[in-house]
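This report concerns only the one structure given below.
The values are calculated or read from the model by the stated rules, or taken from the named source; none is laboratory data. Owing to the predicted nature of the structure, the values given are computational and were not obtained by experimental measurement. Glycine gets a Cβ as well: all are built from the backbone with ideal geometry, and neighbour counts include every protein chain shown.
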Amino acid sequence: MPLLLESEAKRFKKDTAKFKSILLDTTRAFKYLQADETTIRLLETTFTSEILSDKFLFYNNEPAFIILGHSNYAKAVIANELLHRFIFPIDQATTNSVWRMVRINAGTADKFVLADTGTGDILSSYTETKSRSLTDEMLLEDLQGSETNPAIYVQAELTGVPFLEEGFGCIIPESCKRRSVEEVAQMYADATRGVLPIIIYGFEENNLSSWDLIELTELRRLANDLCFFFAIVPPRDVYESMCVPQLASVKPSRLKPR
């Protein structure tokens with residue numbers, strides 16, 4: 001899966017660059033046509049300069065993978081595989097809790113920051129020494145604290161991840177708590193704001209509930225005409241057995257506050 005997505009990401013970025021070039025040429029042509037009142041009147045019945053401007057601004061955003069799923073476990077597996085690292089915890093107790101949004105970008109050092117979307121304040125910051133993982137006990141509380149203040153999120157910077165270094169981001173939205181269509185729409189809006197989204201929805205085979213199907217239907221409606229991938233994740237016990245060497249190397253308290 002990671003290699004397929006990385007290949008698709010490169011093609012996506014190349015196609016987006018071509019599309020932005022076409023939009024720029026179209027914008028110039030549209031301005032030229034505006035000199036003729038009859039032509040512009042005909043065009044504006046279906047196409048306006050505002051629509052063109054909005055499209056250009058949208059496709060000028062940096063691309064980002066939006067990791068969605070029917071559970072925190074499914075999102076954790078997709079993110080870990082995509083990043084080629086055991087970053088997110090997969091144990092049942094942690095994945096059953098409510099998670100904050102996590103935004104991941106390339107950096108010059110591996111670092112995790114707890115930030116407030118409303119004020120922009122940095123509430124805490126950690127640099128990594130060895131573990132490179134949100135499974136460390138010092139960060140688990142930050143990851144699981146969204147019920148106290150939904151405006152706070154985890155900002156991560158990682159080194160050595162190819163697609164991040166090529167300008168892509170990775171966003172794992174916060175957990176839905178009330179299970180309402182309105183909350184799904186708000187979660188989607190928060191996660192995709194300011195980026196050009198490539199959406200990945202992870203799920204365990206034969207484990208989708210009726211609510212999951214309602215949520216997925218709403219997400220497909222919101223993400224109309226956007227890249228939308230589906231990924232089946234293995235059962236927890238199978239994935240845990242696959243991750244035994246990585247799990248053994250991850251020990252708590254390796255993060256240094258900064």
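Could you list, in sequence order, the residues of region 186-222 that are over 19 Å from I171 (Cα atoms) and touching a residue at least 40 places away in the same chain (Cβ under 8 Å)?
Correct list: E204, N207, L208, S209, D212.
Scan region 82-125 for residues that are buried (at least 18 other Cβ atoms within 10 Å of the Cβ), part of a loop (DSSP other than H, G, I, E, B) and modelled with pLDDT of 85 or more and jot them down.
The answer is F88, P89, I90, W99, R100, M101.
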